[in-house]
There are 2 protein chains.
Amino acid sequence: MISSDLDKMFNPRSVAVIGAKQIDPKTPYLGMFGSLQQYGFKGRMYPINTKLTEVNGVKAYSDLSQLPEPVDLVIVSVPAPYVPEVLRDCAGTGNTRIHIFTAGFKETGEPRALALQKEIETIALQHHLKVVGPNCMGICVPEIRLGTWNNPVEKVGPVSFISQSGGHAQDFSNYASKLGVGFCKIVSYGNALTLDSTNFLEYFAQDPKTRIIAMYLEGVADSRKLFTLVREINKIKPVIILKGGLTEAGKKAVASHTGSLAGQEQFWNAFFRQTGAIRAYSLEEMAHTTLAMLHLQPPRGRGVTVMGTGGGIVVAASDVCSRAGLELPPFSKTMQKALRKFVPEAGNMIKNPLDAQPIIMEPEQLMPETLDMIYDAPDLNMVILSLHMDWIGPVATPRLTAAIKTLFPAHLKDKPFVVCWRQTRNDPEMEMVCRKMESELLDAGIPVYRNFEHAADSLSRLSGYHEFLAKQKSFMAGSAETSEMRLAS
Amino acid sequence: MISSDLDKMFNPRSVAVIGAKQIDPKTPYLGMFGSLQQYGFKGRMYPINTKLTEVNGVKAYSDLSQLPEPVDLVIVSVPAPYVPEVLRDCAGTGNTRIHIFTAGFKETGEPRALALQKEIETIALQHHLKVVGPNCMGICVPEIRLGTWNNPVEKVGPVSFISQSGGHAQDFSNYASKLGVGFCKIVSYGNALTLDSTNFLEYFAQDPKTRIIAMYLEGVADSRKLFTLVREINKIKPVIILKGGLTEAGKKAVASHTGSLAGQEQFWNAFFRQTGAIRAYSLEEMAHTTLAMLHLQPPRGRGVTVMGTGGGIVVAASDVCSRAGLELPPFSKTMQKALRKFVPEAGNMIKNPLDAQPIIMEPEQLMPETLDMIYDAPDLNMVILSLHMDWIGPVATPRLTAAIKTLFPAHLKDKPFVVCWRQTRNDPEMEMVCRKMESELLDAGIPVYRNFEHAADSLSRLSGYHEFLAKQKSFMAGSAETSEMRLAS
């Protein structure tokens with residue numbers, strides 16, 4: 001059973017690192033074993049090195065057969081030519097769950113390396129080895145401090161990430177965790193010798209701690225299986241996918257990176273259309289979308305209210321919303337009249353977008369009523385609060401932050417809202433103030449973006465996901481009815 | 001002559017501020033007069049206030065007639081209903097060059113305010129007043145410390161910016177100046193009562209200190225004139241334009257912001273195609289493109305070499321280059337062979353993109369030869385150096401920075417190159433190291449981007465601009481030949 005093997009690999013009580021090295025202070029790399037140590041892995045650790053008696057202060061072993069127990073996970077970090085022998089050792093000692101870090105196989109395109117990959121594939125299949133890799137960074141589970149790269153993410157949460165690229169595994173988790181996204185399980189699987197994206201996807205689908213699944217894919221061994229799995233899993237746990245190598249140049253790069261076959265733009269367009277998986281075009285987009293999916297309720301429509309300040313910004317916001325497929329329903333006459341009571345004419349706009357500095361500067365007094373109006377309007381489904389921090393200043397910001405944290409959730413209830421801010425002036429004090437606001441809001445579970453485009457794109461993807469689910473449900477209900485009618489007739 | 005008036009307005013020896021106010025420490029706004037003072041305007045300043053005898057320590061006057069001289073520029077900051085009277089005072093005292101900050105005119109859409117704008121327009125035309133505004137932030141000239149908003153940009157340089165929006169005037173100049181872009185003249189002109197974008201454009205075209213012109217446009221009074229001007233000026237000084245309000249929602253926002261008529265996407269598509277002006281879709285894009293235009297020579301083609309590290313990043317880079325319309329010509333066999341001498345197989349790629357950590361980590365030894373190969377390859381026209389700072393670390397970064405500053409310009413000569421970096425790990429020390437590297441490279445005149453997309457888009461726009469010029473030249477040469485042939489026959 002792959003899933004029980006994966007369970008052990010993602011929750012190992014013991015890990016052996018073959019080719020464990022002393023940390024070299026001259027390079028920034030800690031190596032596999034050093035990374036595990038520094039992260040503070042909670043299980044038992046066995047460095048294996050044929051020449052050393054200890055590695056970074058831990059007793060070392062010359063080979064797997066010397067270990068006091070078979071381990072749940074073997075990490076292989078030896079030069080490529082030695083990998084076949086190591087795999088045979090693994091099989092011979094009952095160590096079947098393996099992460100091969102080593103590169104220099106299929107991805108090089110060199111005949112010698114291709115043969116080497118073929119050789120290890122044969123060994124793996126013959127002995128039923130479960131292999132993550134080769135040519136990858138492997139597994140990271142923040143909760144148990146399992147991680148094989150320098151300083152993996154700290155924040156534990158319900159997002160799991162399947163990444164063919166080790167760099168992307170690190171960058172996505174680092175970037176998203178700065179947005180307050182916490183991680184459950186991360187895997188970088190490189191050349192996908194025996195375990196491919198679909199295996200991890202199946203496992204994360206069943207994993208009770210995983211609520212959202214993000215994926216970075218280059219090639220897929222069984223794209224039909226991926227399609228079927230994503231279509232089903234995406235209904236229960238949102239699946240957000242970045243597909244690399246769709247352009248001609250990207251396809252070539254994929255071949256050199258993980259030796260995979262990419263391309264097939266048309267297939268992938270259909271894939272996203274039919275599975276309803278959320279499509280991202282960059283790691284940043286994937287992180288921004290994950291942030292929105294993590295915190296926001298389904299919106300009841302695409303109508304968004306933009307509350308902000310600055311005419312030029314409001315024009316840009318309108319253009320961006322339009323291009324992102326969001327609507328800006330006009331405020332009703334009643335609402336405009338009510339707003340006019342506390343928003344003066346000059347320098348403000350009481351249309352949608354709402355450009356009203358007084359509301360931002362006197363949030364305690366003016367925000368509750370404004371939010372109630374938005375809540376009561378059935379076509380205003382979401383809110384983007386767009387803040388120009390240079391105009392708000394360091395004195396007003398803490399008051400505004402507090403108001404956002406309490407007033408928005410209380411008055412808007414389940415209507416999704418996000419904050420977006422900009423601060424362009426060269427002003428180190430204000431930069432600090434902004435960062436503080438951002439981290440307070442993120443800690444309160446409010447999605448915050450530094451760029452209006454990111455806010456709008458994330459809300460658009462949130463909407464798209466829930467629209468797809470709703471359409472599917474009504475289609476299913478329709479089919480059920482039809483079947484019943486057929487039975488009745 | 002408008003140009004001599006504009007010359008006085010952009011280089012005033014004396015400025016009067018009507019409605020000058022004391023700075024209120026309770027708000028972050030300094031006001032028009034306070035901003036002028038704090039920025040350190042080098043000319044004579046006259047605050048005018050009917051109730052105060054001095055403003056922020058400077059002797060105040062009750063009205064223009066009390067001033068010891070007619071001034072080069074009057075700034076009007078009184079409530080809208082008083083503006084007509086102020087304009088009549090201006091005309092009566094021979095003060096014809098005016099910036100009206102006051103809002104509450106055409107942009108509100110209210111009948112009363114429309115009538116008020118009509119009234120001031122009549123006065124202005126009758127007395128030949130040259131008006132920037134109303135509803136705008138006015139003029140900023142860093143060289144003479146003329147500026148009417150809080151903390152205008154410090155950096156003096158050859159870029160001038162024409163912006164219908166005051167917020168955008170500030171944000172663009174702030175953002176771009178952080179990228180090392182220096183400014184010559186900035187104008188925010190709001191409702192464009194008598195002076196419109198075309199007047200400023202003509203003036204900046206003749207201004208010897210302006211080398212690049214950026215524009216943010218909402219509506220244009222005479223789009224035919226704008227077209228003719230941009231077509232001619234763009235040949236000599238690159239014109240980079242962000243057009244706001246092209247979507248339906250954006251068009252509505254423009255009407256509320258500056259009372260202008262926007263929209264007409266088709267017209268603008270043709271405008272950009274035929275003038276060769278560089279199109280931007282956001283302030284950030286405009287700033288990134290300006291940075292490239294400022295420092296880079298014309299590339300001889302669209303072939304780009306990406307030098308970087310990380311397989312996933314290389315795949316993303318390839319996809320992004322393809323989408324940006326850049327080519328990634330494969331390295332010749334000879335070049336690959338030469339690279340293989342110092343770039344090991346595992347974990348690296350000696351294709352284009354070049355994923356070779358050793359070159360980055362040993363730049364003094366390995367960079368010169370690599371750059372010479374790129375310089376010698378006729379189809380490799382530009383270089384993006386893509387750096388993953390988390391993998392380079394704080395120790396190697398200063399060495400790498402020094403190498404980039406000396407080696408790239410020396411070996412690549414006139415081939416455009418830019419640096420792009422990412423740093424995603426939560427590591428305050430490394431953040432500081434990255435910022436230092438960025439500012440050193442920017443100071444050395446090397447365009448630096450924090451996002452690969454921005455680097456690729458900027459190089460694509462740089463290429464597009466020079467391709468347009470080249471096509472025009474060959475077309476002109478062709479026409480000349482044809483004419484000569486006709487004459488000969």
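The values are calculated or read from the model by the stated rules, or taken from the named source; none is laboratory data. Keep in mind it's a predicted model, so treat the numbers as computed, not measured. Cβ: placed from backbone, ideal geometry, glycine included. Neighbour counts: every protein chain shown.
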Please specify each residue of region A:1-19 satisfying the condition of being of a type in the set (A, V, I, L, M, F, W, C) and touching a Gly at 6+ places or on another chain (Cβ under 7 Å).
-> A:Val15
Go through region B:83-114 and give me each residue that's part of a helix (DSSP H, G or I) and either away from chain A (no Cβ under 14 Å) or closer than 14 Å to B:Val187 by Cβ (or both).
-> B:Pro84, B:Glu85, B:Val86, B:Leu87, B:Arg88, B:Asp89, B:Cys90, B:Ala91, B:Gly92
Residue under evaluation B:Asn426, criteria (1) modelled with pLDDT of 95 or more; (2) within 13 Å of chain A (Cβ to nearest Cβ), criterion not met = (1)
Among the candidates B:Thr198, B:Thr194, single out the residue that is closer than 26 Å to B:Gly92 by Cα and either surrounded by 24 or more Cβ atoms within 10 Å (Cβ to Cβ) or not acidic (Asp, Glu) (or both).
-> B:Thr194
Just wondering, is there one or more residues in region B:116-133 that are farther than 19 Å from A:Gly347 by Cα and in contact with a Gly (Cβ under 9 Å, 6 or more places away or on another chain)?
-> yes
Selection from region A:317-328 of residues within 17 Å of A:Ser386 (Cβ to Cβ) and of a type outside the set (A, V, I, L, M, F, W, C) yields A:Ser318, A:Asp319, A:Ser322, A:Arg323, A:Glu327
Mind checking which residues of region B:370-392 are away from chain A (no Cβ under 14 Å) and assigned to a strand (DSSP E or B)?
-> B:Met382, B:Val383, B:Leu385
Those residues that are touching an Asp or Glu at 6+ places or on another chain (Cβ under 7 Å) and facing chain A (nearest Cβ under 9 Å), I need them from region B:254-281; list them, please.
-> B:Val254, B:Ser256, B:His257, B:Thr258, B:Ala262
What's the number of the condition A:Val395 fails, among (1) at pLDDT 95 or above; (2) in a helix (DSSP H, G or I)?
-> (1)
Which is of a type in the set (A, V, I, L, M, F, W, C) and surrounded by 24 or more Cβ atoms within 10 Å (Cβ to Cβ), of B:Ala214, B:Ala205?
-> B:Ala214
Can you confirm whether region B:426-434 contains a residue that is more than 29 Å from A:Lys26 (Cα to Cα) and in contact with a helix residue (DSSP H, G or I) (Cβ under 8 Å, 6 or more places away or on another chain)?
-> no
Within region A:464-484, is there a residue that is in a helix (DSSP H, G or I), away from chain B (no Cβ under 14 Å) and within 27 Å of B:Pro25 (Cβ to Cβ)?
-> no
Pairs, please: C-beta under 6 Å, at least 6 apart or cross-chain, first residue surrounded by 16 or more Cβ atoms within 10 Å (Cβ to Cβ) and in region B:417-444, second of a type in the set (Lys, Arg)?
-> B:Ala444/B:Lys405
Only one of (1) aliphatic (A, V, I, L, M); (2) over 20 Å from A:Lys415 (Cα atoms); (3) within 13 Å of chain B (Cβ to nearest Cβ) does not apply to A:Ala317, and that is (2)
What residue, among those in region B:238-253 that are under 22 Å from the mean Cα position of the chain (by Cα) and β-branched (Val, Ile, Thr), is nearest to the other protein chains (Cβ to nearest Cβ)?
-> B:Ile241
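Here's the yes/no breakdown for (1) away from chain A (no Cβ under 13 Å); (2) closer than 19 Å to B:Leu442 by Cβ:
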residue: B:Gly303; (1), (2): no, no
residue: B:Pro329; (1), (2): no, no
residue: B:Lys337; (1), (2): yes, no
residue: B:Pro368; (1), (2): yes, no
residue: B:Thr406; (1), (2): yes, yes
In region B:349-390, anything buried (at least 22 other Cβ atoms within 10 Å of the Cβ), polar (S, T, N, Q) and modelled with pLDDT under 95 is listed as B:Asn352
Subset of region A:1-46 (residues that are at pLDDT below 95, within 14 Å of another protein chain (Cβ to nearest Cβ) and farther than 20 Å from A:Val141 by Cα) = A:Ile23, A:Asp24, A:Pro25, A:Lys26, A:Thr27, A:Pro28
Residue, modelled with the lowest pLDDT, within region B:475-489, restricted to residues that are of a type outside the set (D, E, K, R) and surrounded by 10 or more Cβ atoms within 10 Å (Cβ to Cβ) | B:Ser483
For region A:161-189, the count of residues that are of a type in the set (D, E, K, R) and free of Cβ contacts under 8 Å to residues at least 40 places away in the same chain equals 1
Output yes when any residue across region A:344-361 is more than 9 Å from chain B (Cβ to nearest Cβ), part of a loop (DSSP other than H, G, I, E, B) and either charged (D, E, K, R) or more than 23 Å from B:Thr27 (Cβ to Cβ) (or both), and no when none is.
-> no
Failed condition for B:Ala255, given (1) among the hydrophobic types (A, V, I, L, M, F, W, C); (2) at pLDDT 90 or above; (3) in a helix (DSSP H, G or I) = (2)
Does region B:103-120 hold any residues that are surrounded by 19 or more Cβ atoms within 10 Å (Cβ to Cβ), out of contact with any Cys (no Cβ under 9 Å at 6 or more places or on another chain) and in contact (Cβ under 8 Å) with a residue 40 or more places away in the chain, and which are they?
-> B:Phe105, B:Lys106, B:Glu107, B:Thr108, B:Gln117, B:Ile120
Residues within region B:127-147 that are touching a Pro at 6+ places or on another chain (Cβ under 9 Å) and not in a strand (DSSP E or B), tallied | 3
Options A:Pro158, A:Pro142: the member that is in contact with a Phe, Trp or Tyr (Cβ under 6 Å, 6 or more places away or on another chain), within 22 Å of A:Asp443 (Cβ to Cβ) and touching a residue at least 40 places away in the same chain (Cβ under 8 Å) = A:Pro142
